[in-house]
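Below: the structure, in structure tokens.
The values are calculated or read from the model by the stated rules, or taken from the named source; none is laboratory data. Owing to the predicted nature of the structure, the values given are computational and were not obtained by experimental measurement. Cβ: placed from backbone, ideal geometry, glycine included. Neighbour counts: every protein chain shown. In case anyone asks, the SASA skips ligands and DNA or RNA and just uses the protein heavy atoms, side chains included. Shrake-Rupley method; radii C 1.70, N 1.55, O 1.52, S 1.80 Å.
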Amino acid sequence: MPALADATGRKANAYVFCHDGVMDERTDTLIDEFFMVNGVELGSLLRMKYSQFERNGSVHAPGVIEGANDADTLYLKFAVNLIEKWTHKNLPLMFRDDVISLAGAYPVRGARTDRRKRKIF
């Protein structure tokens, strides 16, 4: 049994590693494609939002503390919250891509558990 657990663990480890690599590369490609198509509009809107933060939170204005409520900090918080809101709450995980649809967003259930079996024995 230890030899079988070791072999299963090695194969599962290789599978999970490859799956994660494929998903990482594919999502990077899809993000790049998205920005090529929509980047100009998105960039313009985000620059406008940053300008609002600059006007309302100039470092030279009273009460503005760099690193707490300055334009860069507020913009970063805004961007992170915007992305989290749209990816976690407003839009479900969708597979419009053939690669992700076929491979699945996550490795086959149990593969991560199998990769640890070789450490048990």
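Laid out as a table, the results:
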{"item": "Aspartates and glutamates with Cα under 19 Å of residue 11, excluding same-chain neighbours fewer than 8 positions away", "result": "20, 114"}
{"item": "Protein-only accessible surface order, largest first, of 73, 27, 87 at 1.4 Å", "result": "87, 27, 73"}
{"item": "Efficiency of FRET from Cβ geometry, residue 77 and residue 22, R₀ 30 Å, rounded to 0.05", "result": "0.40"}
{"item": "R0 of 30 Å, Cβ-Cβ distance residue 30-residue 8: FRET efficiency to nearest 0.05", "result": "0.40"}
{"item": "Using a Förster distance of 30 Å, the FRET efficiency for residue 44-residue 89 (Cβ separation, nearest 0.05)", "result": "0.75"}
